[in-house]
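The next block holds one structure in the form of structure tokens; read it before the comments.
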Amino acid sequence: MRGTWVAAVSATLASTGLGLLLWLGLSIALVAHTPHMPVLRTMQLSALAIALVLLAIGVALARHERGSAHSAAPSPWQARRAWLAGVAAVAACAIGAVLLWIVPGPTRAPVLGVCGVVLAMAALGAIVADGQWRLAGAGLPERQQALALSIRFLSAMYGGLVLMFALMAGLLAVGRDGAGMFATLLVLGALLAIALLLPSHGRDHGPDALDHGDAAAGRVSRHLRAAACVLLAGTPLLALFAAPRTGDMPSWLWLVAAAGLGGLAVVHRLAQAPDHPARA
């Protein structure tokens, strides 16, 4: 049980780091040519550092959990994920170097735009490759596998976006724009909740492998899915109505971020088959 939760936490950290890199790459590519770049510099550097740290911790936890049990050569999808994550890390470091040491000029914006596109594409590819690798040996039917891949992709998008919003709230003046952030997170959380609650081929199971055990395991799985839905969709819904009344948008965004990461850990726990070693 402990090993499965460690694997879930490591997968959550790694996927959240990749999701944050994806959103950051998209935002840099879109605003590189605008006058908003100087204002966003501190937030972008902070997001780069946090994303790389999360990715590194997730990978380190996964390797520690596996130990020497997985000495075989990596599968093709695992090799693609490692290569694409490496490209994303290099692109993130390149963006950080440009932001830190290159003064604004006619060549800075195009360089940032290109690096942002490369970062977003590499992070997206790593997220897809990670999902394909984790599901390669699960033996799921095609429909169930597509649903599981969708959940993994939405999880990475949610984790990256909620951290980016929290950083923006902490480092920039958010004001009433926070309501739009909560609404966006509510939509993503609701999509994740719907996907988690969808029946799989007529059974009361989710799209992943936890429910292959006995009835007790099925009850645990249903409780975990309910908890994930509350954390991912219920918390943004509460913040959407409560934050404007209190006026403290940053605190509410960090609360939603903490609840969201907890919910994503539950989602990745649901994706861990009890008879399969943790892979991350």
Dimensions (Å) - the range 15-121, Cα atoms, principal axes, largest first: 51, 23, 20
Percentage, to the nearest whole number, of Cα pairs in the range 2-270 over 27 Å apart: 41 percent
Final fewest-first order of 197, 161 on the 10 Å Cβ neighbour count is 197, 161
Would you work out the relative contact order for the range 2-270, in percent, from Cα pairs under 8 angstrom that are 6 or more residues apart? 26 percent
When 222, 63 are ranked with the fewest other C-beta atoms within 10 Å first, the list becomes 63, 222
How do 130, 248 line up, fewest other C-beta atoms within 10 Å first? 248, 130
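FYI, it's all coordinate maths here, none of it is from the lab. Bear in mind that the values here come from a model prediction, so they are computed numbers and not experimental data. Counting neighbours? That spans all protein chains shown, and the Cβs are built from the backbone with ideal geometry, glycine included.
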